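Working notes, beginning with the structure itself.
The values are calculated or read from the model by the stated rules, or taken from the named source; none is laboratory data. Everything numeric here is computed off the predicted structure, so don't read it as measured data. Methodologically, a virtual Cβ is constructed for each residue, glycine included, from the backbone with ideal geometry; neighbour enumeration extends over all protein chains shown. All accessible areas refer to the heavy atoms of the entire protein, side chains included, with ligands and DNA or RNA removed. Shrake-Rupley method; radii C 1.70, N 1.55, O 1.52, S 1.80 Å.
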Amino acid sequence: MSRPYSLSAFPDVRPLALALLSACLALPPIVTRAEPMGAQGDDFLYRVEQHDTLEQLARRYTLRTEHWPTLQRLNQVDDPHRLPIGKVLHIPLSLIPEQPATATAVHVTGQVTADGRPVQPGDVLHSGQSLRSIGDGTATLRLEDQSLLTLTPGATLELQRLQSFQGTGLTDTQISIDRGTLESAVAPAGTGVGRFEVRTPATVTGVRGTRLRVHADASGSRHEVLHGHAAIAGSTGTEQSLDSDRGAAYDTSGTLLSTQPLLPPPQGLKMTGSNGQRLEFEPIPKAVAYTVRITLDAEGARLESIQRVAGPGAPLRARSGGPRYVFVRGIDTLGIEGRDAALAVDSLRAGLTAGDGSPILTANGAPVLLD
């Protein structure tokens with residue numbers, strides 16, 4: 001029987017993981033000192049720190065000090081040696097030398113393909129490759145700046161651009177997602193963002209923060225910022241700014257439908273049932289459905305299974321026995337998903353699944369478990 005929050009399985013590691021998990025879920029977004037802050041159009045953005053000069057920044061990002069007059073003219077700077085602290089400088093991406101970068105598959109569940117070939121943990125992926133998660137397949141990719149990208153079941157996307165800024169540790173990444181969900185933790189070490197863009201058939205989202213979700217389907221797209229900041233361009237070409245704890249919905253033409261606060265995390269998560277394999281939680285006002293995710297890690301990046309349920313409760317099953325982390329979020333009327341609540345479970349038993357990966361349930365809604 002599963003016992004939520006039992007630490008007996010990992011006495012040394014799990015208390016620390018749970019403490020970090022609780023802190024991440026409970027605290028407001030953390031402001032880092034990293035000044036590289038993504039891109040806007042054809043420009044890289046940099047927020048000025050104390051003692052910065054245009055000559056130093058030209059040398060750091062373009063590798064040529066003599067580019068400083070171009071930066072001075074573009075940014076209307078009076079004194080190249082006395083830059084206003086906090087000023088956002090535009091540096092043309094065309095001036096920044098780049099080199100090819102890669103993505104590495106660090107976790108794969110079920111069937112995921114790259115250009116039609118199965119993806120395995122450790123595989124190195126390159127620009128131009130197309131990925132598809134088949135059935136209940138999921139994958140987690142790591143970029144060279146340690147950004148983590150999680151593909152959910154049914155996702156199809158293309159790694160349109162995988163490059164890095166020479167000598168800076170910053171990446172230049174463009175991903176096109178036609179269907180499904182991409183969850184990203186961008187530059188989690190706080191080193192700042194080079195360029196990270198997620199494109200759907202009707203929108204382009206430029207990430208200037210750290211955590212973002214993008215969903216694409218036949219009704220349009222939804223975008224959710226958990227930490228940091230993003231800018232979304234739809235069919236009109238006008239950028240919609242999206243800050244932490246807010247989501248936006250667009251129709252298939254790229255027209256903005258609405259932006260609104262993310263739903264709060266559900267309360268009262270607990271495991272119930274005679275076999276401890278059912279999750280219960282309190283309903284969220286304004287939620288029309290819920291997403292329940294099971295992962296192998298406290299950060300929620302290494303996804304094992306995901307299901308959508310109509311009410312505050314869901315049967316759980318794992319692909320194999322062992323400790324897991326369960327994340328639950330509400331979904332509003334526009335399909336925008338809210339903040340996660342999390343529960344560490346010391347033992348989930350493996351359950352029988354149908355051919356499409358869905359769990360086989362008893363008449364009472366409980367998963368049929370393997371002995």
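Scan 266, 285, 201 and give me the residue that is within 15 Å of residue 331 (Cβ to Cβ), open to solvent by 10 Å² or more (accessible area, probe 1.4 Å) and not polar (S, T, N, Q). So that I can check it myself, show each step before the final result.
Values: 266 fails: open to solvent by 10 Å² or more (accessible area, probe 1.4 Å); 201 fails: within 15 Å of residue 331 (Cβ to Cβ).
Every option except 285 fails the conditions.
Looking at residue 125 and the list (1) more than 15 Å from the chain's Cα centre (by Cα); (2) of a type in the set (A, V, I, L, M); (3) open to solvent by 40 Å² or more (accessible area, probe 1.4 Å), which single condition is not satisfied?
Unmet condition: (3).
Give the residues of the range 305-333 that are among the β-branched types (Val, Ile, Thr) and either outside any loop (DSSP other than H, G, I, E, B) or crowded, with 23+ Cβ neighbours inside 10 Å (or both), sorted by residue number. Reasoning before the result, please.
Going through the range 305-333, the residues among the β-branched types (Val, Ile, Thr) turn out to be 306, 309, 326, 328, 331, 333.
Of everything in the range 305-333, those that are among the β-branched types (Val, Ile, Thr) and either outside any loop (DSSP other than H, G, I, E, B) or crowded, with 23+ Cβ neighbours inside 10 Å (or both) turn out to be 306, 309, 326, 328, 331.
Working carefully through the options 84, 80, find the one that is crowded, with 16+ Cβ neighbours inside 10 Å and at pLDDT below 95. Show your work before the answer.
Numbers: 84 fails: crowded, with 16+ Cβ neighbours inside 10 Å.
Every option except 80 fails the conditions.
Which of the following residues is part of a strand (DSSP E or B), under 30 Å from residue 322 (Cα atoms) and modelled with pLDDT under 95: 110, 38? So that I can check it myself, show each step before the final result.
On the way: 38 fails: under 30 Å from residue 322 (Cα atoms).
Result: 110 is the single residue among 110, 38 that is part of a strand (DSSP E or B), under 30 Å from residue 322 (Cα atoms) and modelled with pLDDT under 95.
Give the range 245-292 a look and list any residue that's part of a strand (DSSP E or B) and within 22 Å of residue 178 (Cα to Cα), or say none. Even if it seems obvious, please write down each step before you answer.
As a first pass, look at the range 245-292 and keep what is part of a strand (DSSP E or B): 246-250, 256-261, 270-272, 278-280, 289-292.
Within the range 245-292, 247, 248, 249, 250, 256, 257, 258, 259, 291 qualify.
Could you list, in sequence order, the residues of the range 186-236 that are in contact with a Phe, Trp or Tyr (Cβ under 6 Å, 6 or more places away or on another chain) and either closer than 18 Å to residue 263 by Cβ or part of a strand (DSSP E or B) (or both)?
207, 220, 221
Which of the residues belonging to the range 293-303 are open to solvent by less than 40 Å² (accessible area, probe 1.4 Å) and farther than 15 Å from residue 181 by Cβ?
Within the range 293-303, the subset open to solvent by less than 40 Å² (accessible area, probe 1.4 Å) is 293-295, 297-298, 300-301, 303.
If the condition is that a residue be open to solvent by less than 40 Å² (accessible area, probe 1.4 Å) and farther than 15 Å from residue 181 by Cβ, then 294, 297, 298 are the ones that fit.
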